[in-house]
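J.: My structure is below; once you've seen it, I'll send some questions.
The values are calculated or read from the model by the stated rules, or taken from the named source; none is laboratory data. Not measured: the values here are computed from a predicted model. Neighbour counts run over all protein chains shown; Cβ positions are idealised from the backbone, glycine included. Remember, those area values only see protein heavy atoms, side chains included, never the ligands or the DNA or RNA. Shrake-Rupley method; radii C 1.70, N 1.55, O 1.52, S 1.80 Å.
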Amino acid sequence: MNAPLSIDPADGGEPALLKVLIAAPRGFCAGVDRAIRIVELALERYGAPVYVRHEIVHNRYVVESLKAKGAIFVESLDQVPDGVPVVFSAHGVPKAVPAKAEARGLDYIDATCPLVSKVHRQAERANESGRHIIFIGHAGHPEVIGTLGQLPEGAMTLVESVDDVARLAPADPDRLSFLTQTTLSVDDTRDVVTALRHRFPAIAGPRGEDICYATSNRQEAVKAIAGRCDRMIVIGAPNSSNSLRLVEVAERLGTPAHLVQRGSDVAPEWLAEIGTLGITAGASAPETLVREVIDAVAAHRMIDEDVVVTAEENMVFKLPRGLEPAAA
């Protein structure tokens, strides 16, 4: 790690430059970009208001921007009037939600991330094959609620840690499958999966990684720069699972890290006596907030920016049928 540098050198010279390492990839993933576009296109197609069940993505700036365009965010379909369209968030919803929308005759658009939908399909297949599913995730997170709600109650058991695995007592240890939330810590999840395989050697897992490419890439990008930084700033919401994991990744590498939502959250004392600062953003944070945070840092220190690229992302997800933008 770099030796601390003083902002106010005793000789009265210019303050030392603060090196700012900006992680890449960072910010919006394909699923988030798709979900936001779905709301925008729904507003174009139907006109305001368009109701959205739960935050479309976990970012206050994004939500407020869509509110300004005519989106209304609610937590329950009971808050949606008859005769207006409703969008389901990128995190996914239990099957009971679209069923209720259909029963009421509501037009609904499912903005669930395709990678989350893939986990839903895997759960259905495992259930159809007679396996009980161990689902690795964080209790209460919307994605977990949505995934558990794909199957009848009791068909899945949620575990959050290695300790939870030790307490499992399945009826048939030889007929198990595991799946994971898409926004978990890669390292933590690996430990839980290892514990599951140790206790239940016959347990079946998904063919591919459930943790989404964007979550993995952003964690790897933090690992690439954290050791070179005296401190890190992660841009994201406090209820954003993937953003919280980025903070944890940095801190496990011994680098103090702070989660911020806006440039105004940057505390000047974080920038004192450091030589290198790392900056990244969770998958729900737009690039405009990255620039806002960098500008806030630059208001306190002279900076030298350097983007550190660890992966290239070119994933694009199709929009729901019938919601494609009109040709120019």
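J.: Can you tell me which residue within segment 262-287, out of those that are in contact (Cβ under 8 Å) with a residue 40 or more places away in the chain and open to solvent by 60 Å² or more (accessible area, probe 1.4 Å), is nearest to Pro238 (Cα to Cα)?
T.: If we filter segment 262-287 for residues that are in contact (Cβ under 8 Å) with a residue 40 or more places away in the chain, which is where we start, we get 262, 271-287.
Those still in the list that are open to solvent by 60 Å² or more (accessible area, probe 1.4 Å) too: 262, 273, 287.
On the way: Arg262: 12, Glu273: 27, Glu287: 18 Å.
If we take residues in segment 262-287 being in contact (Cβ under 8 Å) with a residue 40 or more places away in the chain and open to solvent by 60 Å² or more (accessible area, probe 1.4 Å), then Arg262 is nearest to Pro238 (Cα to Cα).
J.: Regarding segment 182-196, can at least one residue be identified that is over 19 Å from the mean Cα position of the chain (by Cα) and not hydrophobic (A, V, I, L, M, F, W, C)? Spell out how you get there, then give the answer.
T.: Our first condition is that a residue be over 19 Å from the mean Cα position of the chain (by Cα); within segment 182-196, this holds for 191-196.
When the remaining residues are screened for being not hydrophobic (A, V, I, L, M, F, W, C), the result is 191, 194.
Yes, because at least one residue in segment 182-196 is over 19 Å from the mean Cα position of the chain (by Cα) and not hydrophobic (A, V, I, L, M, F, W, C).
J.: I want to confirm something. Restricting to segment 143-167 and keeping residues that are under 16 Å from Val193 (Cβ atoms), outside any helix (DSSP H, G or I) and out of contact with any helix residue (DSSP H, G or I) (no Cβ under 7 Å at 6 or more places or on another chain), which single residue is least open to solvent (accessible area, probe 1.4 Å)?
T.: Once the filter is applied, the top-ranked residue is Thr157.
J.: Can you tell me which residues in segment 283-327 are assigned to a helix (DSSP H, G or I), among the acidic types (Asp, Glu), in contact with a helix residue (DSSP H, G or I) (Cβ under 7 Å, 6 or more places away or on another chain) and within 28 Å of Ala111 (Cβ to Cβ)?
T.: At the first step, the residues of segment 283-327 found to be assigned to a helix (DSSP H, G or I) are 287-298.
Going one step further and asking which of them are among the acidic types (Asp, Glu), we end up with 287, 292, 295.
Filter once more, so that each one left must be in contact with a helix residue (DSSP H, G or I) (Cβ under 7 Å, 6 or more places away or on another chain): 292, 295.
Matches in segment 283-327: Glu292 only.
J.: Among (1) in contact (Cβ under 8 Å) with a residue 40 or more places away in the chain; (2) surrounded by 17 or more Cβ atoms within 10 Å (Cβ to Cβ), which single condition is Asp107 missing?
T.: (2)
J.: Also, quick follow-up: How many residues does segment 57-104 contain that are outside any loop (DSSP other than H, G, I, E, B), farther than 14 Å from Ala42 by Cα and touching a residue at least 24 places away in the same chain (Cβ under 8 Å)?
T.: 9
J.: On the given criteria, is Asp187 in contact with a helix residue (DSSP H, G or I) (Cβ under 7 Å, 6 or more places away or on another chain), at pLDDT below 95 and not β-branched (Val, Ile, Thr)?
T.: no
Results for (1) open to solvent by less than 40 Å² (accessible area, probe 1.4 Å); (2) in contact with an Asp or Glu (Cβ under 7 Å, 6 or more places away or on another chain); (3) in contact (Cβ under 8 Å) with a residue 60 or more places away in the chain, shown as yes or no for each residue.
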site	(1), (2), (3)
Arg190	no, no, no
Val193	yes, no, no
Arg199	no, no, no
Gly205	yes, no, no
Thr215	yes, no, yes
Ala224	no, no, yes
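J.: While we're here: For segment 34-49, which positions are without any contact (Cβ under 8 Å) to a residue 60 or more places away in the chain and within 21 Å of the chain's Cα centre (by Cα)?
T.: Ile36, Glu40 - these are the residues of segment 34-49 that are without any contact (Cβ under 8 Å) to a residue 60 or more places away in the chain and within 21 Å of the chain's Cα centre (by Cα).
J.: Which of the residues spanning segment 130-142 are over 12 Å from Ser177 (Cα atoms) and out of contact with any helix residue (DSSP H, G or I) (no Cβ under 7 Å at 6 or more places or on another chain)?
T.: Taking segment 130-142 and keeping what is over 12 Å from Ser177 (Cα atoms), we get 137-142.
Once the filter is applied, which keeps residues that are over 12 Å from Ser177 (Cα atoms) and out of contact with any helix residue (DSSP H, G or I) (no Cβ under 7 Å at 6 or more places or on another chain), segment 130-142 yields Ala139, Gly140, Pro142.
J.: Being in a strand (DSSP E or B) and in contact (Cβ under 8 Å) with a residue 12 or more places away in the chain narrows it down to one of Leu259, Leu184, so name that one.
T.: That would be Leu259, the only listed residue that is in a strand (DSSP E or B) and in contact (Cβ under 8 Å) with a residue 12 or more places away in the chain.
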